[in-house]
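Asker: Take this structure, written in structure tokens, and hold onto it; I'll ask about it next.
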Number of protein chains: 4
Amino acid sequence: MDYPSVLEHIHAAIQPELERGQVATYIPELAGVPPRQFGMAVVTLAGEVHAVGDACVPFSIQSISKLFALVLALQAEGDALWERVGREPSGTPFNSLVQLEAECGRPRNPFINAGALVVTDILCSRHAVPEHVVTGLLRRLSGNPEVTWNPRVARSERMHADRNAAMAHFMKSFGNLRNPVDKVLDVYCHQCAIEMHCVDLARSMLFLANRGVNPLNGERVLTASLSKRLSALMLTCGTYDAAGDFAFRVGLPAKSGVGGGIVAVIPDTCGICVWSPRLDEAGNSHAGSLALEMFTTLTGRSIF
Amino acid sequence: MDYPSVLEHIHAAIQPELERGQVATYIPELAGVPPRQFGMAVVTLAGEVHAVGDACVPFSIQSISKLFALVLALQAEGDALWERVGREPSGTPFNSLVQLEAECGRPRNPFINAGALVVTDILCSRHAVPEHVVTGLLRRLSGNPEVTWNPRVARSERMHADRNAAMAHFMKSFGNLRNPVDKVLDVYCHQCAIEMHCVDLARSMLFLANRGVNPLNGERVLTASLSKRLSALMLTCGTYDAAGDFAFRVGLPAKSGVGGGIVAVIPDTCGICVWSPRLDEAGNSHAGSLALEMFTTLTGRSIF
Amino acid sequence: MDYPSVLEHIHAAIQPELERGQVATYIPELAGVPPRQFGMAVVTLAGEVHAVGDACVPFSIQSISKLFALVLALQAEGDALWERVGREPSGTPFNSLVQLEAECGRPRNPFINAGALVVTDILCSRHAVPEHVVTGLLRRLSGNPEVTWNPRVARSERMHADRNAAMAHFMKSFGNLRNPVDKVLDVYCHQCAIEMHCVDLARSMLFLANRGVNPLNGERVLTASLSKRLSALMLTCGTYDAAGDFAFRVGLPAKSGVGGGIVAVIPDTCGICVWSPRLDEAGNSHAGSLALEMFTTLTGRSIF
Amino acid sequence: MDYPSVLEHIHAAIQPELERGQVATYIPELAGVPPRQFGMAVVTLAGEVHAVGDACVPFSIQSISKLFALVLALQAEGDALWERVGREPSGTPFNSLVQLEAECGRPRNPFINAGALVVTDILCSRHAVPEHVVTGLLRRLSGNPEVTWNPRVARSERMHADRNAAMAHFMKSFGNLRNPVDKVLDVYCHQCAIEMHCVDLARSMLFLANRGVNPLNGERVLTASLSKRLSALMLTCGTYDAAGDFAFRVGLPAKSGVGGGIVAVIPDTCGICVWSPRLDEAGNSHAGSLALEMFTTLTGRSIF
């Protein structure tokens, strides 16, 4: 089945699932998103764009930003990054402090909140205006110079950041945060508040399908080896503490966010983004996960 | 054996133990205290004062302040306090966040840091200048109007408060902190920085020996019932996660601080304070614990 | 108020509480106990016996046996016992394995199941017929030569012992169990299945009120010092993970069992036993705890 | 570079690494294995066999047996299996009981010991002589009718099975084990004691490279979909709590054992087995992990 047919099939089949799950409610901006939306986009290395549903409706990318912040930190630090953050699945919820205490303030991986705060701390140390660097990368990767954050969401995130502040202070007490907690939280909340749509996000994943090179402009984002390794990290850690189940069902490297978006990649083939606001218990888009499972089943394409 | 002989005996016997244990080092003001000091005071309900060694050398009372902050919070809130903090031994170190996560931001008891932050939050809600209320109570209880905090210690505590900030933000994320984290931490650090000597602290314990009434001025501090209950709480939770061992060896309600002080009470009899800066692994004064164990052995007086 | 009046008062006041809580259901013999029973007995050092309600109805003493098994192990091992088991409140439920894993197979205290299994292991190493030694001690302490276990309860306990078997094997994997797991569990289940009534149990507590000497026959059971220390251990660890709350409310050293019994002691004064089958969430008798709280309130006697 | 050259290159480069790490010591049969051995085999779907070093020296497959036991349990139970065991990385060591307690006796995945015991319990329910079924599958997959277990290793495992007995009893207390604990442990220890060499094990992996069909005899072992999903599970859970790091460095689905073996698969391409007895801290073969990392680097073949 070709991609357009696959996407049409998914779009039709997913409709009854759009009633299930719960929209994130911890900030009013997310709680107020109309929940019955669904979009999906596939952008191939050859440049073909396939999209269905609300694939051009911008949404809050939230934790998907952690992937791109990590790319920038890896560019800056290389393997030294791993002294401050691990690369193992956490086995505990994304905002847990238990593991941090047992492991002396070193987060398990860069995709849980604590790890992303360390990554953001690195960006704060390396850049004069760290709020802008993830946005800048996403503009280059998507080819869309308009990519930016929603200031109301950024403010709201910042006002509800006590749990993240707890993690940041906790890591600082172990010496694993260099910049002031308030600064790191500001930058972190700006990253989470970036808004993009499925097509631009699918396109932003192409460098991972292309062994580290952005096909839009030929820019090498990461080495081929590091690009593959980042995909491996997405597979084992990219979908909160449901990564095992997600790998089992979908079989693609992916990163999700509580805004309902999930980005994924098929090596040497395409970037994918799906979005639907209602979340399952693990915090991943319910319809989005199912759509990706259908996608690999119908195309016969997973990495396994 | 009468009290003076007992104290003399302890003072002599404790000398070799003054080499053991480690002074607290997390702030320079504590790390710099000459470690080979030891003082002990017993003040009876009849008003007799017995003291040996460095019993009139002021030291940083640190967590001993948690006892007096709790007295004020109980005066203000009564049993409503227990909705926000438990009264069970924690089973984990005094600055652990693990239990907080499992129990939704409600600390196990008011004598671990998290619990004391909730107590301080209550004082912040109830008093215009909350920095002064614990000092005020200690002045009335000790009869010494000069009791105050060391501003350098208070500042230093505040600069090293990341772990406590983590707890405070964590509890705030569960709705169990009402005032701004910075405000609560400021007041908390001022309480910890109060300096007193053994005689004044032993005298400040008399209300607990006297069923809740301050014998110096006849003021009822707590009801007789609540006074007894507070002693029970000291026994089960007052000496960090060594409370079981302390009750086993010493058999008196007590509260310790990382400045090396320990206050204790014998119901209907006397208040006691011992001080020696070197701490055992649980954070209690090594020589202080031993001195109290000798005291109950030599006098045959414990609560059991 | 004198003891008879106090007990009458409690008996009347407790009636509405007999509907609350749940009988233990993990074995049919406990699940089938008529729940609306209540008995209480106080036996003074002078030999007076005061009792109300079902104070002469035998019940399954369950974990109360842990106290007497510990007495025997302390007689045999002295302080060496503490190398194999701690004396701190556990902070986790009585049948938890989490703490054992973190602390390399050394239970927190002898009153949680894991600790009692170590105590039983010691009795197995020291006695040819270890099933009989706790019964023997209770016969001497109560003066009742008929004290024995219920064989149906013992069998039923043994058939539902998987959780205890897990603990025993776990400790054995750390080298903290010397005898075969099956042997230790057999003896342990026999101890739990002992049946006694309130008057006999209250009398069995007198040695703790009498500084270690059984007043019935003048036999020294423990040294005065160890007797006091055992009382301290009961206070901090005797009522599962509600020991802090129990000390706060009742203020007496006590040990409870899931059969609904609670024994307690007032030093130099009397032994107490209360029984009512319905349990609160922590596994202590609901009406029994309340009755003891009333008792210390009405008599003004607690250890604090 | 072709496979023979790659293997030669690895064989030469790995020599200095053979001194590092520790042989498993919990049973004498493993402790006594000469540590400086290294073998590696690649068997392609076309039937080519490439091998270096000690690739034909039999070793104790240990936890590699968990993979094949799971295949049999999936054949028998299908998706119903997942009601009794999860498919998430554990985040804790392979023999931890902590997670079991928090999640009511349901192991995180079938590759940690607790999960493998549930899998073995299923085989015990389904087969008259469950000791033989994993051996039987491995004979069919490897084409070697001589595959069997080492009876001395099986006996030794059984004598040191207290930790596994603890897990089994613990799960039984939650109702997640149907057969007698002793029976399950017997069968489990026989599985762990199977001995095979690298060539036979690499061949036994071909069904996973071949979408579920054993290329030796055309037998369908699993559906294509389930075969892929099993590979996904190996990637996220197959190498103890180093699965994230292993995926990051190696990028292949794999399963390791404390005997020093690691099996891996490249979808649609080949089965791989590497063996070297010395283990890293996570319990994976130190040289084996490095050899697989070199293999994917040199061939440019990983799943990402």
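The values are calculated or read from the model by the stated rules, or taken from the named source; none is laboratory data. Since the model is a prediction, treat every value here as computed from it, not as a measurement. All Cβ positions, glycine included, derive from the backbone under ideal geometry; neighbour counts span all protein chains shown.
Asker: Find the helices (runs of 4 or more DSSP H) located wholly in the range C:1-91 whose residues include 3 or more that are of a type outside the set (A, V, I, L, M) and out of contact with any helix residue (DSSP H, G or I) (no Cβ under 7 Å at 6 or more places or on another chain), and list them.
Answerer: C:3-14
Asker: Something else now. Do we have residue B:161 as modelled with pLDDT of 95 or more, under 18 Å from residue B:257 (Cβ atoms) and within 13 Å of chain A (Cβ to nearest Cβ) here?
Answerer: Considered against the rule, which asks whether it is modelled with pLDDT of 95 or more, under 18 Å from residue B:257 (Cβ atoms) and within 13 Å of chain A (Cβ to nearest Cβ), residue B:161 comes out as yes.
Asker: I'd like the full set of residues that are more than 8 Å from every other protein chain (Cβ to nearest Cβ) and at pLDDT 95 or above, limited to the range A:228-248.
Answerer: Selection gives A:230, A:234, A:238, A:239, A:246.
Asker: Hey, another quick one. Which of the residues that make up the range B:253-283 are within 19 Å of residue B:11 (Cβ to Cβ) and not in a strand (DSSP E or B)?
Answerer: Passing the criteria: B:260, B:276, B:277, B:278.
Asker: Kindly indicate whether any position in the range C:127-147 is charged (D, E, K, R), in the same structural domain as residue C:78 (by TED's automatic domain parsing), within 30 Å of residue C:270 (Cβ to Cβ) and in a helix (DSSP H, G or I).
Answerer: Checked against the condition, which is being charged (D, E, K, R), in the same structural domain as residue C:78 (by TED's automatic domain parsing), within 30 Å of residue C:270 (Cβ to Cβ) and in a helix (DSSP H, G or I), the range C:127-147 yields at least one hit.
Asker: Conditions: (1) touching a helix residue (DSSP H, G or I) at 6+ places or on another chain (Cβ under 8 Å); (2) in the same structural domain as residue B:268 (by TED's automatic domain parsing); (3) in contact (Cβ under 8 Å) with a residue 60 or more places away in the chain. Residue B:209 meets all but one. Number of the miss?
Answerer: Going through (1) touching a helix residue (DSSP H, G or I) at 6+ places or on another chain (Cβ under 8 Å); (2) in the same structural domain as residue B:268 (by TED's automatic domain parsing); (3) in contact (Cβ under 8 Å) with a residue 60 or more places away in the chain one by one, residue B:209 breaks only (1).
Asker: Moving on to the next point. Does residue C:60 count as closer than 26 Å to residue C:223 by Cα and either of a type in the set (Gly, Ala, Ser) or assigned by TED's automatic domain parsing to the domain that holds residue C:206 (or both)?
Answerer: Taking the combined requirement at face value, the residue does not satisfy it.
Asker: Do any residues in the range B:283-304 that are free of Cβ contacts under 8 Å to residues at least 60 places away in the same chain have Cβ atoms under 6 Å from those of residues that are among the basic types (Lys, Arg) and surrounded by fewer than 22 Cβ atoms within 10 Å (Cβ to Cβ), where the two are at least six apart or on different chains, and which pairs are they?
Answerer: Between residues of the range B:283-304 that are free of Cβ contacts under 8 Å to residues at least 60 places away in the same chain and residues that are among the basic types (Lys, Arg) and surrounded by fewer than 22 Cβ atoms within 10 Å (Cβ to Cβ), the close pairs are B:293/B:249.
Asker: Which of the residues spanning the range C:168-204 are closer than 19 Å to residue C:154 by Cβ, at the interface with another protein chain (Cβ under 10 Å from one of its Cβ atoms) and touching a Leu at 6+ places or on another chain (Cβ under 7 Å)?
Answerer: The one that is closer than 19 Å to residue C:154 by Cβ, at the interface with another protein chain (Cβ under 10 Å from one of its Cβ atoms) and touching a Leu at 6+ places or on another chain (Cβ under 7 Å): C:168.
Asker: Could you list, in sequence order, the residues of the range B:249-258 that are aliphatic (A, V, I, L, M) and touching a Gly at 6+ places or on another chain (Cβ under 8 Å)?
Answerer: B:254, B:258
Asker: So, residue D:216, is that one away from chain A (no Cβ under 13 Å) and assigned to a helix (DSSP H, G or I) or not?
Answerer: No.
Asker: Follow-up question, since we're still on this one. I need a count of the residues in the range B:167-188 that are surrounded by fewer than 23 Cβ atoms within 10 Å (Cβ to Cβ) and either in a loop (DSSP other than H, G, I, E, B) or not assigned by TED's automatic domain parsing to the domain that holds residue B:124 (or both).
Answerer: Counting residues in the range B:167-188 that are surrounded by fewer than 23 Cβ atoms within 10 Å (Cβ to Cβ) and either in a loop (DSSP other than H, G, I, E, B) or not assigned by TED's automatic domain parsing to the domain that holds residue B:124 (or both) gives 6.
Asker: May I pose another question? Can you confirm whether residue D:67 is more than 24 Å from residue D:290 (Cα to Cα) and either in the same structural domain as residue D:161 (by TED's automatic domain parsing) or at pLDDT 95 or above (or both)?
Answerer: No: the conditions fail for residue D:67.
Asker: Let me ask something else about it. In the set A:271, A:261, A:283, which member is touching a Gly at 6+ places or on another chain (Cβ under 9 Å) and on the phi < 0 side of the Ramachandran plot?
Answerer: A:261
Asker: Separate question: Quick one: residue A:195 ticks every box in (1) within 17 Å of residue A:60 (Cβ to Cβ); (2) free of Cβ contacts under 8 Å to residues at least 60 places away in the same chain; (3) not in a helix (DSSP H, G or I); (4) not polar (S, T, N, Q) bar one, so which box is it?
Answerer: Failed condition: (2).
Asker: Within the range D:280-304, restricting attention to residues that are surrounded by fewer than 24 Cβ atoms within 10 Å (Cβ to Cβ) and within 18 Å of residue D:25 (Cα to Cα), which residue is nearest to the chain's Cα centre (by Cα)?
Answerer: D:283
Asker: Shifting gears a bit: Looking only at the range B:36-58, count how many residues are surrounded by fewer than 16 Cβ atoms within 10 Å (Cβ to Cβ) and of a type outside the set (Val, Ile, Thr).
Answerer: Total satisfying the criteria: 6.
Matching residues to (1) crowded, with 17+ Cβ neighbours inside 10 Å; (2) at pLDDT below 95; (3) within 12 Å of chain D (Cβ to nearest Cβ):
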| residue | (1), (2), (3) |
| --- | --- |
| A:98 | yes, yes, yes |
| A:103 | no, yes, yes |
| A:111 | yes, no, yes |
| A:117 | yes, no, no |
| A:127 | no, no, no |
| A:138 | yes, no, no |
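Asker: Among the residues of the range D:65-84, are any surrounded by fewer than 19 Cβ atoms within 10 Å (Cβ to Cβ), closer than 22 Å to residue B:98 by Cβ, polar (S, T, N, Q) and more than 14 Å from chain A (Cβ to nearest Cβ)?
Answerer: no
Asker: With under 20 Å from residue A:177 (Cβ atoms) and modelled with pLDDT of 95 or more as the only criterion, which of A:48, A:83 stands out?
Answerer: A:83
Asker: Let me ask another. Applying the selection to the range D:249-264, what residues are within 9 Å of chain A (Cβ to nearest Cβ) and buried (at least 24 other Cβ atoms within 10 Å of the Cβ)?
Answerer: D:250, D:251, D:253
Asker: Looking at the structure I just gave you, is residue C:269 crowded, with 24+ Cβ neighbours inside 10 Å, polar (S, T, N, Q) and over 13 Å from the mean Cα position of the chain (by Cα)?
Answerer: Judged against the criteria, residue C:269 is not a match.
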